[in-house]
1. Hey, among B:Arg231, B:Arg196, B:Arg275, which residue is more than 21 Å from the chain's Cα centre (by Cα) and assigned to a helix (DSSP H, G or I)?
2. Could we say that A:Gly257 is surrounded by fewer than 20 Cβ atoms within 10 Å (Cβ to Cβ), at positive phi and not in a helix (DSSP H, G or I) here?
3. Give the range B:72-128 a look and list any residue that's surrounded by fewer than 22 Cβ atoms within 10 Å (Cβ to Cβ), among the polar types (S, T, N, Q) and not in a loop (DSSP other than H, G, I, E, B), or say none.
4. Just checking, how many residues over the range B:130-149 are over 26 Å from B:Ala94 (Cα atoms) and among the hydrophobic types (A, V, I, L, M, F, W, C)?
5. Quick check on the range B:4-55: of everything there that is of a type in the set (Asp, Glu) and either within 21 Å of the chain's Cα centre (by Cα) or part of a helix (DSSP H, G or I) (or both), which residue is modelled with the lowest pLDDT?
6. Do we find that A:Val292 is in a loop (DSSP other than H, G, I, E, B) and at the interface with chain B (Cβ under 10 Å from one of its Cβ atoms) in this structure?
7. Based on what the data block shows, is B:Met281 under 23 Å from B:Tyr4 (Cα atoms), part of a helix (DSSP H, G or I) and either at the interface with chain A (Cβ under 9 Å from one of its Cβ atoms) or of a type in the set (S, T, N, Q) (or both)?
Amino acid sequence: MTAVAVPGAGGAPDPAADAAAESRAPAVTAKDVRRELRRQLFRSKTFLGGMIIILFWAFCAAFPAVIATDDPSRQDPASKWVRPFTDGFLFGADRSGRDVFSRMVYGAREIMIIAPAAVVLGTLIGITLGLLMGYFGGPLDDVISRIIEALMSLPVILVALLALSALDASRLTIILLIGFLFGPIIGRTVRAAVLTERNLDYVRAAELRGERSTYIMFVEILPNVVGPIIVEFTVRLGYAVFTMAGLAFIGFGTQPGSPDWGRTIFEERSSLLSDVWWPSLVPALALASLVVAINMVADAIQGLVDR
Amino acid sequence: MARYVLRRVGLALITLFILSVVVFVVASVLPGSVGRAILGPFADQQSVDQLNKDLGQDGSLISRYLRWAGNALTGDFGDSFKYRRPVMDFVPTALWASVKLALMTIVIVVPLGILGGVVAALRQGKAADRFLTIAGLSLAVTPEFVVGIVLILVFAVNLGWLPAGGSAKGSLWEQFQVLLLPSLTLTAILFGYLSRMARAGTIEALNADYTRTATLKGLKRRTVLRRHVLRNSLLPTIAVIASQMAYLLGGLLVTETLFNYRGLGLLIFEAAGDRDIPMLMGAVFIVGALAMLMTLLADVLIAWLNPRVRLGSKA
């Protein structure tokens, strides 16, 4: 992928001279490869487009007051269901006269905290599980595989619903829950990647040197399976947003009246039938733009890693 | 083949056991006692204990699990807290409604997904392919209720062609109208997976040696596609579809809630809201068991279609 210019002595490349030159010329380091990958990534329109949208929502989540034009919870019965682009309401007002635009901006916060935190947790669990299963194999791998299969045969949202109706549905609970549910799924991907590395010479060499297995797993193998892990991370991030929004929609994880998108859509959906579309469609489109953006980024990264 | 099926069924039974433990443990971490939750803070301890006993909520975790699982094996999931009637009075009706919705979705999404995938594969790398891939992926991750809301807005509110929700009752035509929007919502989610599978299968078959041979021996492109490419790419795709049914069952939860459609998903949603634990456990366990059955059928189907799977899996 990374072309290293080798000064050749003439026209046709001579393999022997090339090999000799390569041993003298600075070798391609992992850093060069990373820089080149990054360069290609930033040339991809899909990646850039997705990144811009994600960063916009991240900014909204971090500094909502900068963008929002109003307090998201200020009610005003006089402006109930004001249409978009009227009376200073950019995207109109909802049933309590709250500004739909400002609620959209503030609504990014919950999801932009929960989804990434849950996926980071899930990825850490997944890396550990995957390395253990892939490296050791045997009965350990079998037992964990069965448990993962059982978990995966259940739709994530059902398990989450079951757990959340028993536990108190705070922000932390949801992060832990989605993290622990995604961990094994990510673990399967990591395991598959580790299996292809497991029998390569560098692992053998490390074993013969007498390195401890934790060292081999985390220092030798892990850096070589980073690609699939990054892809899995971005893909799962999309699913986490999906799951978290679904849970918010069925009433878990957010307080009534919170500007969270899923919650707002659930609360405002009945006004659709009175042809008042903006209070539910605006957060719906915001949510859609976020998941689509995450997937554009995931798609771009996958395209690079797969090559 | 028989050996493979037996082995796979054995694994499924183990998985079913793990599933029952997961459902039970998760539902059992309820803070406080169930009896207390029902009777409220002012009831005396004696009646709380009595109610707990009546509901089978006394004793150790393991003895409670054994009682629950034993009864579940005979099809008895206990009485709903809310309705004070057996859970199994409610589940079959709801299940049937969900099956109708699922079948309708399959009828729409399978031909559409395959068509999309094959078209994308034949135009590989071109605009049509990029569009189908990105649109499919985006729809697949857009929450069901977002797609559903757009559909309701367009077809129920603005055009007034279809009802915005309700249950499938009455004549076949009325049921069809009620089912159409929710099943289109689910179609939007599943389309991406199916077309991606069909695309990958078709590309593999297009690049295979037998396709090159068929082309080189002078067959017409149409004949090559029909006899050599599609025949080899579609069977595995159909098997993959069966494995997506587990997801479909989960998607019902949100979709049925949005469209107020009385199926298993809405039953679970309401049971969760009411903290009706026996109903919740029973319904979730049945959905999980069904999802597992689908996965099992899909695996057996794939193995039957592809000897490499059933012979190579001994390792």
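The values are calculated or read from the model by the stated rules, or taken from the named source; none is laboratory data. Source: prediction; values computed, not measured. Note that we place each Cβ from the backbone using ideal geometry, even for glycine, and neighbour counts take in every protein chain shown.
1. Just a single option satisfies the conditions, and that option is B:Arg231.
2. Working: surrounded by fewer than 20 Cβ atoms within 10 Å (Cβ to Cβ): yes; at positive phi: yes; not in a helix (DSSP H, G or I): yes.
Yes: the conditions hold for A:Gly257.
3. Within the range B:72-128, just B:Thr93 meets the criteria.
4. 7
5. Residues of the range B:4-55 of a type in the set (Asp, Glu): B:44, B:49, B:54.
Within this subset, residues satisfying the condition of being either within 21 Å of the chain's Cα centre (by Cα) or part of a helix (DSSP H, G or I) (or both) are B:49, B:54.
On the way: B:Asp49: 74, B:Asp54: 69.
The extreme case among them is B:Asp54.
6. Values: in a loop (DSSP other than H, G, I, E, B): no; at the interface with chain B (Cβ under 10 Å from one of its Cβ atoms): yes.
When the stated conditions are applied, A:Val292 does not pass them.
7. Numbers: under 23 Å from B:Tyr4 (Cα atoms): no; part of a helix (DSSP H, G or I): yes; either at the interface with chain A (Cβ under 9 Å from one of its Cβ atoms) or of a type in the set (S, T, N, Q) (or both): yes.
No; evaluated as a whole, the condition is false for this residue.
Residues are listed down the side, and each one gets a yes or a no for (1) assigned to a helix (DSSP H, G or I); (2) among the β-branched types (Val, Ile, Thr); (3) more than 22 Å from the chain's Cα centre (by Cα); (4) at pLDDT below 80:
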site: A:Gly11; (1), (2), (3), (4): no, no, yes, yes
site: A:Ala16; (1), (2), (3), (4): yes, no, yes, yes
site: A:Ala21; (1), (2), (3), (4): yes, no, yes, yes
site: A:Val28; (1), (2), (3), (4): no, yes, yes, yes
site: A:Arg34; (1), (2), (3), (4): yes, no, no, yes
site: A:Arg39; (1), (2), (3), (4): yes, no, no, no
site: A:Leu48; (1), (2), (3), (4): yes, no, no, no
site: A:Ala58; (1), (2), (3), (4): yes, no, no, no
